[in-house]
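What follows draws every value from the coordinates through simple rules; no lab data is involved. Everything numeric here is computed off the predicted structure, so don't read it as measured data. Because the Cβ atoms are built from the backbone with ideal geometry, glycine has one as well, and the counts that use them run over all protein chains shown.
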Amino acid sequence: MLRNLDLAKILFLDIETVPEEQEYNQLSPVRQSLWEQKTAYQRKEDQSPETFYERAGIWAEFGKIVCISVGFFDLTSANEQQLRIKSFAGEEEGILQQFKRLCDEHFYLKSHLLCAHNGKEFDFPYIARRMVIHRIDLPKILNLFGKKPWEVQHLDTLQLWKFGDYKHYTSLALLAEIFGFPTPKDDIDGSDVARVYYQEKNLDRIVRYCEKDVLTLAQVFLTFLNKPLLEENQIIWLSE
């Protein structure tokens, strides 16, 4: 089934998220209480809601998106195939509007697909929830209402690697390592993003990290198809 997919109709993506506020004490008393309730089962007995707040970016109700990077294959170039990578970064509502416009104008057919690593559990629902919060109409490719499971236009490389094993989790970095190409975690990883965003105020560094995840995602997907990996001259960084 995978071999029948048209690479040009797949949008590869990754998101980076941070807590909506830099510090726990910036939350209203109501939100602090709701955060305490939301995370009660995740926190260790000796861990307070305040110290746990550094992980708030994981939840769409308490976090925000600071970057969405996407990659799409151009199969019409003289170079056989190219992966074009671009990013939407900065203020969240603008990021979401730009991503929606991309989906509405270029990835709107039933044959189009979104692909992410752990996308079904994280990236896809996170984007959709933040769009709802900002009163942005969902693009068709993200709107699952009324769709049967086989009509959902989402691919997930984590699910592909599980091969039906619901207990198994493997990171994108580990797949890159065992498949024999560079890890995207050569600078920062997900646990560093909030610090880089709020303390270093270095959004460009986050964008580059996110884009490398998209490249790794595409290379992983090509490995599943048993196709040749992308060479450096086949990667077009549109954000540069």
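Taking other Cβ within 10 Å of each residue's Cβ, how do VAL152, VAL214 sort, fewest first?
The order, fewest Cβ neighbours first, is VAL152, VAL214.
Cut-off under 16 Å on the C-alpha distance; same-chain residues fewer than 8 positions from LYS148 excluded. Which lysines are left, in chain and number order?
In chain and number order, the partners are LYS110, LYS120, LYS140.
When only Cα pairs under 8 Å and 6 or more residues apart are kept, what is the percent relative contact order across the chain? Walk me through the intermediate numbers first.
On the way: 336 pairs, mean separation 63.3, N = 240.
Dividing the mean separation by the residue count of the chain yields 26 percent.
What is the distance, in nm, between label points placed 7 Å from the Cα along the Cα-to-Cβ direction at ASP187 and at LEU229?
2.0 nm
Could you calculate the contour length gain from GLU54 to ARG195, that is, 0.36 nm times the residue separation minus the distance between their Cα atoms, to one decimal place in nm? List each step's numbers first, then the result.
Values: separation 141, 0.36 × 141 = 50.76 nm, distance 0.92 nm.
Full extension from GLU54 to ARG195 adds 49.8 nm.
Which shape class applies to region 89-229: rounded if a/c is under 1.5, otherwise prolate when a/b exceeds b/c and oblate if not, where a ≥ b ≥ c are the square roots of the Cα gyration tensor eigenvalues?
Cα axes put region 89-229 in the oblate bin.
Given a cut-off of 30 Å, name the pairs among LYS162/LYS201; LYS44/LYS86; LYS64/LYS212 whose C-alpha atoms lie farther apart than that in the structure shown. If you can, show how the numbers build up before the last one.
Numbers: LYS162/LYS201 37 Å; LYS44/LYS86 39 Å; LYS64/LYS212 20 Å.
Correct reply: LYS162/LYS201; LYS44/LYS86.
LEU75 label point, 7 Å along Cα→Cβ, cut-off 18 Å on backbone N: hits in region 127-163?
154-155
Between LYS64 and residues 5 or more places away or on another chain, which pairs have amide H atoms under 5 Å apart, with H built 1.01 Å from N, and which residues are they?
Amide H to amide H, under 5 Å and 5 or more residues apart or across chains, LYS64 pairs with VAL18, GLU20.
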